[in-house]
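Have a look at the structure below before the remarks.
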Amino acid sequence: MPPSQKNISLPLVLSKFGYTAEKCQITPLGYGLINNTYLVQLDNKRVVLQCLNQNVFNQPQQVTDNADLISEHLKAKYLAQEYALQPIWQHQSTVHKNHVEISGEYWRCLHYIENCRTLEAIQNTAQAHDVANSFAQFTAALADFDCHRLADIIPDFHNLSARLLQLENAVNESSSKLIAQAQSTINYIAEQHFFCQEISILIKQLPLRVTHNDTKINNLLFHNKTNKPIAVIDLDTCMSGYLMHDFGDMVRSCCSSISEDSAELSDMSINFDILAALTNAYVAGFNGSLSEIERKSLLFGVKLMPLMLGIRFLTDFLNGDKYFKTSYATHNLVRAKNQLHMYKLLCQQDSLLTEIVLPTPVLNAIA
Ligand code: GN1
Ligand code: MG
């Protein structure tokens, strides 16, 4: 049985959610970089148990409260047949809370949908269509939810200027050894000031809405038989944000030929067929409800998200790997270089990128 972060007995945690679990089987679940997640096989059903990382989520109650609000809204839409995916929900504890606190650890128990799996990489354009349609449906179903009701779980989560400031602070406080290892990467980011300025101007014009903020392909559940997406999962960072972030993060996780952990940068290429399928299905998923500025912003999101994640990985490397889980000393630096390489390849193919995400007729129609 895997240990929790402080070796707390998982059957004890389960008992606080009302499950007696002397003989249950517990296995780690997923590849998240932040929380510890387990699949628990009980006598007659399975549930997901998750210990929230309080170094990242310093007000974990906000995470579980936001998740309840989102689930309730999606459940109502699902029952009204206005949302085709399945909502996921948190189980209540024996004292009717959406979490359990033991020895300073914060646990929640999530509904497990049977007969499904997650995917780490996209397989073809038909699947890209399904992925984009699902994430669009999720966000469209939340379009009438007042985003101000949600707590700002991680302030400035996708604020590029704030992320650049965090990097600057990390550079000022890091060791000379780490700086030397990262110098060329730090310099490369400093050269992107023109794009960063463009983003600062753009965000002043964008509407806030409820966004998922972690639209990686592995945050979708696919049905084992139909191979179609059936649920959007991981609502940890669901809060107010800009649509281009969700579109960009989805593209980031689907269009690179190598994984975000890979150091084999010469093998990286961008799959523009997948990008085209994602764009068309994403826009179609909103059924004409996207404002012109949001439609236009999608193009910026594609470059923004690998750049921003590259900055975040680099900052964590310089800070001594306090945020993301790592497996070896330069893991975060490798990830940062990977994301920045993706950003660079996208910049090098700017015209093709524009022609796919914002074709001239669309641009003319909204200009
Ligand atoms: C983290 O833990 P996971 O995989 O759900 C991170 C995302 C990153 C992602 C990169 C709260 O998500 O922002 O895009 O890693 N989540 C948080 O794989 O920082
Ligand atoms: Mg996440």
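Tell me yes or no: at least one residue of region 328-342 is in a helix (DSSP H, G or I), touching a Phe, Trp or Tyr at 6+ places or on another chain (Cβ under 7 Å), more than 16 Å from ligand 1 (Cβ to nearest atom) and over 19 Å from Lys177 (Cβ atoms).
Residues of region 328-342 that are in a helix (DSSP H, G or I), as a first pass: 331-342.
Then keep just the ones that are touching a Phe, Trp or Tyr at 6+ places or on another chain (Cβ under 7 Å); that gives 332-333, 335-336, 339-340.
When the remaining residues are screened for being more than 16 Å from ligand 1 (Cβ to nearest atom), the result is none.
There is no residue in region 328-342 that is in a helix (DSSP H, G or I), touching a Phe, Trp or Tyr at 6+ places or on another chain (Cβ under 7 Å), more than 16 Å from ligand 1 (Cβ to nearest atom) and over 19 Å from Lys177 (Cβ atoms).
Consider region 230-257 and keep the residues that are out of contact with any Lys or Arg (no Cβ under 8 Å at 6 or more places or on another chain) and among the hydroxyl-bearing types (Ser, Thr, Tyr). The one that is nearest to ligand 2 (Cβ to nearest atom) is Thr237. The sole residue among Leu314, Leu299, Leu304, Leu265 that is in contact (Cβ under 8 Å) with a residue 24 or more places away in the chain, within 16 Å of ligand 1 (Cβ to nearest atom) and within 25 Å of Asn124 (Cα to Cα) is Leu304. Residue check: Arg46 meets all listed conditions (1) touching a residue at least 60 places away in the same chain (Cβ under 8 Å); (2) within 13 Å of ligand 1 (Cβ to nearest atom) but one, namely (2). Going residue by residue through region 203-217, is there one that turns out to be part of a helix (DSSP H, G or I), buried (at least 17 other Cβ atoms within 10 Å of the Cβ), among the aliphatic types (A, V, I, L, M) and within 16 Å of ligand 2 (Cβ to nearest atom)? Scanning region 203-217 turns up at least one residue that is part of a helix (DSSP H, G or I), buried (at least 17 other Cβ atoms within 10 Å of the Cβ), among the aliphatic types (A, V, I, L, M) and within 16 Å of ligand 2 (Cβ to nearest atom). Scanning region 55-76 for residues that are within 12 Å of ligand 1 (Cβ to nearest atom) and touching a helix residue (DSSP H, G or I) at 6+ places or on another chain (Cβ under 8 Å) yields a count of 1. Is there a residue being out of contact with any helix residue (DSSP H, G or I) (no Cβ under 9 Å at 6 or more places or on another chain), touching a residue at least 40 places away in the same chain (Cβ under 8 Å) and under 27 Å from Asp316 (Cβ atoms) anywhere in region 108-120? Checking region 108-120: not a single residue is out of contact with any helix residue (DSSP H, G or I) (no Cβ under 9 Å at 6 or more places or on another chain), touching a residue at least 40 places away in the same chain (Cβ under 8 Å) and under 27 Å from Asp316 (Cβ atoms).
Can you find a residue in region 256-274 that is surrounded by 22 or more Cβ atoms within 10 Å (Cβ to Cβ) and in a helix (DSSP H, G or I)? First the steps, then the outcome.
Going residue by residue through region 256-274, those that are surrounded by 22 or more Cβ atoms within 10 Å (Cβ to Cβ) are 256, 274.
If we keep only those that are in a helix (DSSP H, G or I) too, we end up with 274.
Taking every residue of region 256-274 in turn, at least one turns out to be surrounded by 22 or more Cβ atoms within 10 Å (Cβ to Cβ) and in a helix (DSSP H, G or I).
For region 9-35, filtering for residues that are surrounded by 16 or more Cβ atoms within 10 Å (Cβ to Cβ), farther than 15 Å from Arg46 by Cβ and within 16 Å of ligand 1 (Cβ to nearest atom) leaves 4.
Selection of first residues in region 15-42 that are free of Cβ contacts under 8 Å to residues at least 24 places away in the same chain and in a strand (DSSP E or B) and of second residues that are of a type in the set (Gly, Ala, Ser) and crowded, with 16+ Cβ neighbours inside 10 Å, restricted to Cβ pairs under 8 Å at least 6 apart or on distinct chains, gives the following pairs, ordered by first then second residue: Thr37/Gly30. Within region 218-235, how many residues are crowded, with 22+ Cβ neighbours inside 10 Å and more than 21 Å from His111 (Cβ to Cβ)? Number of matching residues: 0.
What pairs can you find where one residue is in region 351-363 and touching a residue at least 60 places away in the same chain (Cβ under 8 Å), the other is surrounded by 14 or more Cβ atoms within 10 Å (Cβ to Cβ) and charged (D, E, K, R), and their Cβ atoms are less than 8 Å apart, with a gap of 6+ or different chains? Qualifying pairs under 8 Å: Leu353/Lys303; Leu358/Arg295; Leu358/Lys296; Val362/Arg295; Leu363/Lys296.
Each row is one residue, and each column tells you yes or no for (1) within 16 Å of ligand 2 (Cβ to nearest atom); (2) under 25 Å from Thr326 (Cβ atoms); (3) in the same structural domain as Leu353 (by TED's automatic domain parsing).
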| residue | (1), (2), (3) |
| --- | --- |
| Lys228 | no, no, yes |
| Asp261 | yes, yes, yes |
| Asp267 | no, yes, yes |
| Leu275 | no, no, yes |
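Go over the candidates Ala143, Ala128 one by one and state the one that is of a type in the set (Gly, Ala, Ser), buried (at least 21 other Cβ atoms within 10 Å of the Cβ) and within 27 Å of Leu278 (Cβ to Cβ).
Values: Ala143 fails: buried (at least 21 other Cβ atoms within 10 Å of the Cβ).
Just a single option satisfies the conditions, and that option is Ala128.
Within the option set Ala140, Ala170, being within 23 Å of Val334 (Cβ to Cβ), assigned to a helix (DSSP H, G or I) and under 24 Å from the mean Cα position of the chain (by Cα) holds for one residue only, Ala170.
The values are calculated or read from the model by the stated rules, or taken from the named source; none is laboratory data. Bear in mind the structure is a predicted one, so any value in this text is a computation, not a measurement. Note that each Cβ is placed from the backbone with ideal geometry, even for glycine, and that neighbours are counted across all protein chains shown.
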